[in-house]
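Reviewing the structure listed below.
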Amino acid sequence: MDLVAILGLNVVNGAASLFLLCLGLAIIFGMMRIINLAHGEFVMLGAYAAVIAANAGVNIFVAMLIVAPLFVGLVGIVVERCLIQFLYGRLVDSMLATWGLSLLIIGLVTTIFGNTMQGVPTPLGGFAIGAYRTSYYTLFLLAVAIAMLALVYGVLRYTRFGLIARAVMQNPEMAAVLGVNPARVYMATFALGAAVTGLAGGVLAPVSGITPVMGGAYVAKAFITVVGGGAAIISGTVSASGLFGFVNQLGAYFTTPVYGEVILFVSAIILIRLLPQGISGRFFKGTV
Amino acid sequence: MSPLLAVEGLRASYGRVPILAGVDFTMAEGEFLGILGHNGMGKTTLMRTIMGSLPATAGSIHFAGTDVTKLATHQRSRLGLGLVPQGREIFPTLSVEENMRMGLAAAKREDRAVIDGVLQDFPRLVRLLDRRGGALSGGEQQLLALARCLCAKPKLILLDEPTEGIQPSIIEEMIETLQTLRRRWSLSMIIVEQNLDFITSLSDRVLSIQKGRITGEVDRERLLSGDVAMTAA
């Protein structure tokens, strides 16, 4: 019974982490069809921002939840203005350019902070379920994931900005005819996606090894989840990260963490073969 | 009085294929101007170039005293140009109400009263407000596209082939709605069409377009008799 509880907690935690990792990418890819291969580096920048702020004496929660998204959001605005705005509608070019960007960011961070592992202690301590111990931080990650889900859903579904963003996503030319400047919406959306990604990096910082090349571990997983989720940002990301998080954690428990990843990728390939439009293209048509 | 819209020597192309080969015309405020032409003569291209969705390669467009030739689409829209495009371009996964709210996207504040005001002239849309735009029939979508455009309170509406694929009963309803709107809103409109009845019953003046040029005004007598030899230059 304890084992089931702890395993369930791990599964939920895996899904929540995956969801946080993917949400920013889903916003950027889903809204603008830009494949941001520097997504992993945005996560890394968020983690660095949080760790450096925390080690400089900023409260760890402020560092994770405010400094990290703010910093990466600003980076996102700069990147969009200098690079991405010229690449809309040019899928292959955007992949090349963002791949170059990811190398640049890795190089810059390595030059400034060195190729060593940084870290920050995991806050909140732990608790026991029977013979097993786990940390309260697991629950905190889950709470952040749920809060982000509610926040992004609320913004897209109920605000005027969300309405305009959804309209631009469906038909930018018609939105422009109605007086919307699509370039402004793209910039804001890219910044939002970057900020959400920065927040993911921030909250994952205490539970990951932080190095300049850590982004590589996230980017493939995040992409396959977004593609598996399909066009709908929220319902797609929630369903795909739930499914893949579940498969990954169970696979890791019954074999090893490495095979857990392998099982995740194999199941993703099967899913995309069966549902080329992703989960939301089949089951949640027309949702946000 | 200066014209509401003055188009001079306007050229536009898709890639290297020229479509507009020097279009000239002017229209006055309050006028309903028809533009008649077969498929492929450049009607939709003309509308898209006036709106700015397609760049002009030569010539100029003056709207309400401003040179808009180089302005982006959204800037022209904010000056009071409205387009009801061919194919209607309803946002398919937005509800009817959300589609209408998009008509207010450029306004400083989203004023619900504007939508309610517009809906009075579109009773058919009232019971559909929660429906997804993509689930509407062609005729309902056409009414919605017009209503959405009106929410932005344009000075000039470009109406591109509104009768295409629409059942005759709705075409009648659209003619009546447009005539009502004309009286109430003091609208100006360019109607691009192939449907003779529709264009004749709404337009003050009808121009014909051929191979990317305006070839002259179509005589009203001939319009009414249905004898329009558009193939003759």
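Nothing in this text is a laboratory measurement; each read-out follows from the coordinates by a stated rule. Worth saying up front: this structure is predicted, and the values here are computed from it rather than measured. Cβ coordinates were reconstructed from backbone atoms using ideal geometry, including for glycine residues, and neighbour counts include every protein chain displayed.
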- prompt: For chain A, what are the DSSP H helices with axial Cα length of 30 Å or more and mean Kyte-Doolittle hydropathy of at least 0.0?
  reply: A:2-32, A:91-113, A:136-158, A:182-204, A:233-254
query: Over the stretch B:5-225, what is the percentage of antiparallel beta bridges among all DSSP beta bridges, to the nearest 5?
result: 55 percent
query: Using only Cα atoms, what is the ratio of the radius of gyration of the stretch B:5-225 to 2.2 N^0.38 Å?
result: 0.98
- prompt: Using 7 Å Cα-to-Cβ label points, what is the B:Gln167/A:Leu274 separation (nm, one decimal)?
  reply: 4.1 nm
- prompt: Do you know the relative contact order of chain A, to the nearest whole percent, from alpha carbon pairs under 8 angstrom that are 6+ apart?
  reply: 34 percent
Chain B: most fluctuating residue of B:Leu71, B:Leu150, B:Leu54 per GNM, C-alpha cutoff 10 Å: B:Leu71
task: Apply the Karplus parameterisation 6.51 cos²θ - 1.76 cosθ + 1.60, with θ equal to phi minus 60°, to every residue of the stretch A:114-122 and state each ³J(HN,Hα) to the nearest whole Hz, in sequence, with x for glycine and proline.
output: x, 8, 10, 7, 9, x, 9, x, 6
field: Residue of A:Phe19, A:Phe86, A:Phe244 that the Gaussian network model of chain A assigns the largest fluctuation, springs spanning Cα pairs under 10 Å
entry: A:Phe86
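Work out the mean other chain Cβ neighbour count within 10 Å for the residues of B:76-83 and drop it here as an integer.
Average neighbour count from other chains, rounded to a whole number: 3.
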message: Give the separation of the Cα centroids, the stretch A:39-53 to the stretch B:41-120, in Å.
response: 42 Å
Span from the the stretch A:255-269 Cα centroid across to the the stretch B:186-216 one, whole angstrom: 63 Å
- request: Taking each pair of different alpha-carbon atoms in the stretch A:31-103 once, compute 1/r for the pair, average those values, and report the inverse of that mean as the Kirkwood hydrodynamic radius in Å to one decimal.
  value: 13.0 Å
query: Normalised by the residues of the stretch B:19-141, what does the relative contact order come to in percent, with Cα pairs under 8 Å and at least six apart?
result: 20 percent
task: Could you pull out which residues in the stretch B:59-101 have an amide N less than 13 Å from a spot 7 Å beyond the Cα of A:Arg160, following the Cα-Cβ vector?
output: B:101
message: Inside 10 Å of the C-beta atoms of A:210-222, what's the mean count of C-beta atoms belonging to other chains?
response: 0
- request: Principal axes first, then extents: for the Cα atoms of the protein assembly as shown, list largest minus smallest coordinate on each axis, whole Å, largest first.
  value: 95, 48, 41
- request: Binning at 10 Å from 0, report for chain A what percent of all alpha-carbon pair distances ends up in each bin.
  value: 7, 28, 36, 22, 6, 1, 0
field: Within a Gaussian network of chain A (alpha carbon springs, distance under 10 Å), most fluctuating of A:Leu20, A:Leu178, A:Leu271
entry: A:Leu178
- prompt: Taking amide hydrogens as modeled 1.01 Å from N in the peptide plane, which residues meet the under 5 Å criterion relative to B:Thr57, leaving out close sequence neighbours?
  reply: B:Arg11, B:Ala12, B:Ser13
statement: Helix B:168-185: inclination vs chain B longest Cα principal axis, degrees, rounded to 10, gives 90 degrees
- line: Restricting to Cα pairs under 8 Å and 6 or more apart, the percent relative contact order of the stretch B:5-225 works out to 29 percent
- line: Helix B:138-151: inclination vs chain B longest Cα principal axis, degrees, rounded to 10, gives 90 degrees
query: Average partner chain C-beta neighbours within 10 Å, per residue of A:165-175?
result: 6
- line: For A:195-208, B:188-201, ranked highest to lowest by mean beta-carbon neighbours within 10 Å, the order is A:195-208, B:188-201
